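Q: Let me give you the structure first, and then I'll get to my questions.
The values are calculated or read from the model by the stated rules, or taken from the named source; none is laboratory data. Only a predicted model underlies this, so the values are computations on that prediction, with no experimental measurement involved. So basically every Cβ, Gly included, is an ideal-geometry build from the backbone, and we count neighbours across all protein chains shown. Remember, those area values only see protein heavy atoms, side chains included, never the ligands or the DNA or RNA. Shrake-Rupley method; radii C 1.70, N 1.55, O 1.52, S 1.80 Å.
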Amino acid sequence: MKRLSVLLQQSLLLMTCLLMALEAVPIDIDKTKVKAEGHVEGEKVENPDTGLYYDEYLRQVIDVLETDKHFREKLQTADIEEIKSGKLSRELDLVSHHVRTRLDELKRQEVARLRMLIKAKMDSVQDTGIDHQALLKQFEHLNHQNPDTFEPKDLDMLIKAATSDLENYDKTRHEEFKKYEMMKEHERREYLKTLDEEKRKREESKFEEMKKKHGDHPKVHHPGSKDQLKEVWEEADGLDPNEFDPKTFFKLHDVNNDGFLDEQELEALFTKELEKVYDPKNEEDDMVEMEEERLRMREHVMNEVDINKDRLVTLEEFLRATEKKEFLEPDSWETLDQQQLFTEDELKEFENHISQQEDELRKKAEELQKQKEELQRQHDQLQAQKQELQQVVKQMEQKKLQQGSPPAGPGGELKIQPPGEHKAGDAPQHPVGGDQPLPPGHVQEPAVRTDQVHP
């Protein structure tokens, strides 16, 4: 499975080295002990992050495929063209049921994750009626038309997407670094505009002093040269410089014993050189620039040594490079502080772009402020109407009381006692024969005449 891992991670030839058990190179320990102990078989080693947004999904798929004996055997005999053409992906139909079931589960989890990301993005702009199926088309590392099962097409798309994305990864990093440097210079110039002449001169003087201090460092050996590798051999590996041997050096720094020096293993070789120029404790040293320097060193060595351009250095390629004149008599290496990273025209264009963005943000802020003021006005208007209505109700209650109308109860009901429900002792006493009307349904008894004589 190492061959697939090699090919997946490499940008030009599918970069499949994600399957390798990569680990950080412990360059600050005595390598004589490493050579004696060797690599521990079966040891769990963490892979470096590829920087892809589907990195975890890619790793999990690879881990599951590694467990299938048939697929692993086919992979050992497959060449790069078979992987690029998708022929290897068709072998997925022959893997075990358990592996296919696990791959189906991983794909469903990835689709669910992407849908969640889509929803979060749409919610942030208050969009409704999300068509997840349509939006999933933007993700090219899986077949969105079949969200439930992992098919050969999914493996083919995953490999091709990783290849394309990783091919452009270094280029994107260079572009981001350039923007970072231009932003630094833009902010510095903008700050100088806020100062008076005397303070501006002091700041300019300080800036030049910091540049000079940063540039005052020991000689940086040309990456991949004999002097540079011998320095690692002596200071990092703790070996006698007079006994430098390229073949032994290669095996020492092929940390995972896969027969290749990959990009991470190469970059680790430049740490000693970078420490000559950059120190995180120094104000004048920028660690972002240090990582850019490391990237450029690795790219340079790859261009010089990697003959078949698969972004892996084999022992044969490494030994052949040590026979070149450039290995023994390299040109001087220019660090970033010795290079012009951008022109004034590029900086001006960058500043214009920033200005446009600021104008757009300013307009949006003004629109939001207007919306806020309008909402506040409507709120104040509603509050005024509410208070006005409350005042009218209060005036009506007072008017009723003044006219003798029964006051209203808590629920608005009138406080009136219905007929026939007077309390005991409160009923009116009407004299017999009086003029008061009788209650409805009451029949008056005829009065008894006292002068009538009964027989």
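Q: If I filter region 202-219 down to residues being of a type outside the set (Asp, Glu) and in a loop (DSSP other than H, G, I, E, B), which single residue comes out as surrounded by the most Cβ atoms within 10 Å (Cβ to Cβ)? So that I can check it myself, show each step before the final result.
A: In the first step, residues of region 202-219 are kept if they are of a type outside the set (Asp, Glu); the result is 202, 205-207, 210-215, 217-219.
With in a loop (DSSP other than H, G, I, E, B) added as a condition, the list becomes 217-219.
Details: 217: 15, 218: 9, 219: 10.
This residue is 217.
Q: Which pairs do you get when a residue that is under 11 Å from residue 342 (Cβ atoms), found in region 164-186, comes within reach of a residue that is open to solvent by less than 60 Å² (accessible area, probe 1.4 Å) and part of a helix (DSSP H, G or I), reach meaning Cβ atoms under 6 angstrom, with the pair 6+ apart or on two chains?
A: Pairs found: 177/292; 182/347; 182/350; 186/351.
Q: Residue under question is residue 180, and the condition is that it be farther than 22 Å from residue 349 by Cα and not assigned by the TED database to the domain that holds residue 87; does it hold? If you could, list the steps in order and put the result at the bottom.
A: Numbers: farther than 22 Å from residue 349 by Cα: no; not assigned by the TED database to the domain that holds residue 87: yes.
It is false that residue 180 is farther than 22 Å from residue 349 by Cα and not assigned by the TED database to the domain that holds residue 87.
Q: Please go through region 335-352 and pick out each residue that is touching a residue at least 24 places away in the same chain (Cβ under 8 Å), open to solvent by less than 90 Å² (accessible area, probe 1.4 Å), in a helix (DSSP H, G or I) and not acidic (Asp, Glu). Outline the logic, then answer.
A: Start the filter on region 335-352 by keeping residues that are touching a residue at least 24 places away in the same chain (Cβ under 8 Å), which leaves 335-338, 341-342, 346-347, 350-351.
Applying the additional criterion that residues be open to solvent by less than 90 Å² (accessible area, probe 1.4 Å) yields 335-337, 341-342, 346-347, 350-351.
Applying the additional criterion that residues be in a helix (DSSP H, G or I) yields 336-337, 346-347, 350-351.
Answer for region 335-352, where residues must be touching a residue at least 24 places away in the same chain (Cβ under 8 Å), open to solvent by less than 90 Å² (accessible area, probe 1.4 Å), in a helix (DSSP H, G or I) and not acidic (Asp, Glu): 336, 347, 350.
Q: Here is a further query. Considering region 292-310 alone, what residues qualify as being open to solvent by 20 Å² or more (accessible area, probe 1.4 Å) and within 20 Å of residue 172 (Cα to Cα)?
A: 294, 296, 299, 300, 303, 309
Results for (1) surrounded by fewer than 18 Cβ atoms within 10 Å (Cβ to Cβ); (2) assigned to a loop (DSSP other than H, G, I, E, B); (3) under 30 Å from the mean Cα position of the chain (by Cα), shown as yes or no for each residue.
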site: 247; (1), (2), (3): yes, no, no
site: 258; (1), (2), (3): no, yes, no
site: 273; (1), (2), (3): no, no, no
site: 333; (1), (2), (3): no, yes, no
site: 354; (1), (2), (3): yes, no, yes
site: 359; (1), (2), (3): yes, no, yes
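Rundown of residues vs (1) in contact (Cβ under 8 Å) with a residue 24 or more places away in the chain; (2) surrounded by 15 or more Cβ atoms within 10 Å (Cβ to Cβ); (3) closer than 13 Å to residue 174 by Cβ, yes/no style:
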position: 281; (1), (2), (3): no, no, no
position: 284; (1), (2), (3): yes, yes, no
position: 287; (1), (2), (3): no, no, no
position: 290; (1), (2), (3): no, yes, no
position: 312; (1), (2), (3): yes, yes, no
position: 316; (1), (2), (3): no, no, no
position: 322; (1), (2), (3): yes, yes, no
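Q: Given the conditions (1) loosely packed, with under 14 Cβ neighbours inside 10 Å; (2) over 26 Å from residue 298 (Cα atoms), which single one is not true for residue 186?
A: Going through the list (1) loosely packed, with under 14 Cβ neighbours inside 10 Å; (2) over 26 Å from residue 298 (Cα atoms), residue 186 breaks only (1).
Q: Let me ask you something else. Kindly establish whether residue 238 is outside any helix (DSSP H, G or I) and closer than 21 Å to residue 323 by Cα. Break it down stepwise before answering.
A: Numbers: outside any helix (DSSP H, G or I): yes; closer than 21 Å to residue 323 by Cα: no.
It is false that residue 238 is outside any helix (DSSP H, G or I) and closer than 21 Å to residue 323 by Cα.
Q: Restricting the search to region 325-355, which residues are out of contact with any helix residue (DSSP H, G or I) (no Cβ under 8 Å at 6 or more places or on another chain) and over 21 Å from residue 177 (Cα atoms)?
A: 325, 329, 331, 332
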